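The values are calculated or read from the model by the stated rules, or taken from the named source; none is laboratory data. As the structure is a computational prediction, the values presented were derived from the model and not from experiment. Backbone-built Cβ (ideal geometry, glycine too); neighbour counts: all protein chains shown. Heavy atoms of the whole protein, side chains included, go into the accessibility calculation; ligands, DNA and RNA do not. Shrake-Rupley method; radii C 1.70, N 1.55, O 1.52, S 1.80 Å.
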Amino acid sequence: MTKATTKTSSVIQSAFDEDLAKAASVVADQYQKSLAFPPYSQPLTVYDEDRLKPNQFFPVSSPVGEQGGELTVSLSKYRYVYPQAIELTVSAPNLGKVVLTLSDTDTKKSLKTQSGVARQNELAMIFKGEEDYPRNLQLLVEADIAGKIVPVVAQIHYMPPSATLTGFENAHPRNENMIVPANLTVVNYPSTPLRVDQWASTALTWRLGCFFFLSSNSKLR
């Protein structure tokens, strides 16, 4: 091995060690920052859209023709709670008549049908809230676009009301946790205490990192 080869290898090894040290420093810095907060309450960033907007509905589109246009269905939210109405907008270039069918996703049974004619390439439609809607709903849109029927399907959840959050009491620390008592008016609840995050029928999502229990006076502790 020549001196030149030895020097080159030394430079490469030095650069590798430096990059490794930088990577280790970044990992250590991130770990140190994560320790400043409990695991269940890590700071959110603008990239955590799924948690900042947990009930956002992302528009569903279907391509139209060869010109790059799209038939798009947009809804006001993803999860609805009775008696909320299901509001949606259908849009596309050269959009004409639209037929909308609401059905049970699991059984494929048709529940309601509406139709309308678009104005300025857009049509807003509303289904009145019904208490007996199944949880999983499917919306089939069949749109007449320049004489061609183009379909697009969207799926949502529709749930019965479980409880109404009426307010919070003063927070207080308990060991390493921060306890936030919440008051609920409960519509239907089991006779035995359970954790809210185990109550599948609730319309509320709790990420406070502490346990809430239902008591006989409809109050979570």
Which of the trypsin sites (Lys or Arg not before Pro) found in region 104-191 are in a DSSP loop and have at most 11 neighbouring Cβ atoms, other than their own, within 10 Å?
LYS108, LYS109, LYS128
Let me cross-check LEU44: its accessible surface, 1.4 Å probe, with only protein heavy atoms counted, in Å² to the nearest 10?
80 Å²
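Which semi-axis lengths, in whole Å and largest first, follow from the square roots of five times the eigenvalues of the Cα gyration tensor of region 44-192?
Working: eigenvalues 292, 79, 29 Å².
Each semi-axis is the square root of five times an eigenvalue, giving 38, 20, 12 Å.
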How much area per residue is accessible in region 40-174 when the probe is 1.4 Å and only protein heavy atoms are counted (Å²)?
62 Å²
In terms of modelled amide H atoms, which long-range or inter-chain residues lie less than 5 Å from the amide H of LYS97?
ALA118, ASP144
Computing the accessible area with a 1.4 Å probe over protein heavy atoms, can you report the carbon and sulfur percentage for region 41-125?
48 percent
Charge context of SER62, other residues only, Cβ under 15 angstrom, K/R +1, D/E -1:
-3
Could you report the accessible area of LYS53 in Å², rounded to 10, computed with a 1.4 Å probe on the protein chains as they sit in the structure?
110 Å²
Subset of LYS53/LYS97; LYS77/LYS97; LYS53/LYS112; LYS53/LYS148; LYS22/LYS53; LYS77/LYS109 violating a 27 Å alpha-carbon distance limit:
LYS53/LYS97; LYS53/LYS112; LYS53/LYS148; LYS22/LYS53
Stretched out fully, how many nm does the piece from ALA21 to ILE149 gain, at 0.36 nm a residue minus the Cα gap?
40.1 nm
